[in-house]
Amino acid sequence: MAGLHVLDVACGHGRLTRELARRGADVAGIDISGNLISRDFDLVACSFGLSDIDDLDGAIRSISSALRPGASFAFSILHPCFAGGQDISGSWPAAGSYYEEGRWTAQEARSALRRQVGASHRMLSTYLGTLRRHDLWLEQIVEPVPAPDWARRTMLTASPSTSRPGPSRSSRANCLTCLMTSARS
Ligand SMILES: C[S@@+](CC[C@H](N)C(=O)[O-])C[C@H]1O[C@@H](n2cnc3c(N)ncnc32)[C@H](O)[C@@H]1O
């Protein structure tokens, strides 16, 4: 990280921004009121921010144009195929399906933030297609295994009513992290 010029998109309180700075990056954080100005970032990072942004196409276009050619965009999101668990909402409404995209508000008790601000659900193909359209190519994709404690509390005790229609009933992954590379010249 030392010496890298990094932009943290949808930085919120700056949790990731501070960690990147602690690791030696020259880092800038923006949230909803900020604009992208520089076009020579080595890395743009976005930690659990893309589902807060309604205009995905516009955001990815701006992110892509903020990167120098060959630079990286790293992001994490709630896994779009996460079906939810005990007292925790999945990526789409209980009454809907993975294939229905759009803004929605979570209901489950432990989804405190998403009950307040909602989220935009998008299929994996929408994310990857949008990134590809703006010259961001997939370099690496990671689906970390949930921490044992979290999995035990939320997944293994899930009631039948939290099983949602869609491709993910067997999915336990709750996080998706992607590293994209700018193919712009
Ligand atoms: C779930 S928080 C994530 C905060 C932080 N990245 C973290 O990991 O702790 C999502 C953030 O996205 C911001 N946000 C929502 N819409 C945005 C937009 N259009 N452009 C930039 N930031 C936005 C919100 O203000 C909020 O701080």
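What does the extension gain come out to for SER125 and ASP87, with contour length at 0.36 nm per residue minus their alpha carbon separation? Could you put the intermediate results ahead of the total?
Details: separation 38, 0.36 × 38 = 13.68 nm, distance 2.74 nm.
This chain segment gains 10.9 nm when fully extended.
If you line up the long axis of helix 56-66 against the longest principal axis of the chain, both from Cα atoms, how many degrees apart are they, to the nearest 10?
Relative to the chain, helix 56-66 is tipped by roughly 30 degrees.
For every other residue with a beta carbon closer than 13 angstrom to the beta carbon of ILE77, add +1 if it is Lys or Arg and -1 if Asp or Glu, then tell me the sum. Don't jump to the answer; show the numbers that get you there.
Values: positive: ARG114, ARG122; negative: ASP52, GLU143.
Net of charged neighbours comes to 0.
Using label points projected 7 Å from each Cα along Cα→Cβ, tell me how many nm separate ASP26 and TRP150, to one decimal.
Spacing of the two 7 Å Cα→Cβ label points: 3.4 nm.
Quick check: residue separation of ASP57 and ALA112 times 0.36 nm, minus the Cα distance between them. What number comes out in nm? List each step's numbers first, then the result.
Numbers: separation 55, 0.36 × 55 = 19.80 nm, distance 2.69 nm.
Full-extension gain reported as 17.1 nm.
Per residue of segment 104-118, what does 6.51 cos²θ - 1.76 cosθ + 1.60 with θ = phi - 60° give for ³J(HN,Hα)? Whole Hz please, x for Gly and Pro, Karplus curve as stated.
Karplus values, whole Hz, x for Gly and Pro: 8, 10, 5, 10, 5, 4, 8, 9, 4, 5, 5, 6, 8, 10, x.
Based on the Cβ-Cβ distance of TYR99 and GLU19, what FRET efficiency does E = 1/(1 + (r/R0)^6) give at R0 = 35 Å, to the nearest 0.05?
Values: r = 36 Å, r/R0 = 1.02.
Calculated transfer efficiency: 0.50.
Cα-Cα pairs above 29 Å in segment 5-182: how many percent?
Values: 3544 of 15753 pairs.
Value for segment 5-182 (Cα pairs over 29 Å): 22 percent.
Order the peptides 110-116, 67-73 from the highest to the lowest mean number of other Cβ atoms within 10 Å of their residues. Provide the component values of the computation, followed by the final result.
Working: 110-116: 13.9, 67-73: 18.3.
Final packing ranking: 67-73, 110-116.
Since every read-out is calculated from the coordinates, none of them should be taken as a lab result. As the structure is a computational prediction, the values presented were derived from the model and not from experiment. We place every Cβ from the backbone using ideal geometry, glycine too, and count neighbours over all the protein chains shown.
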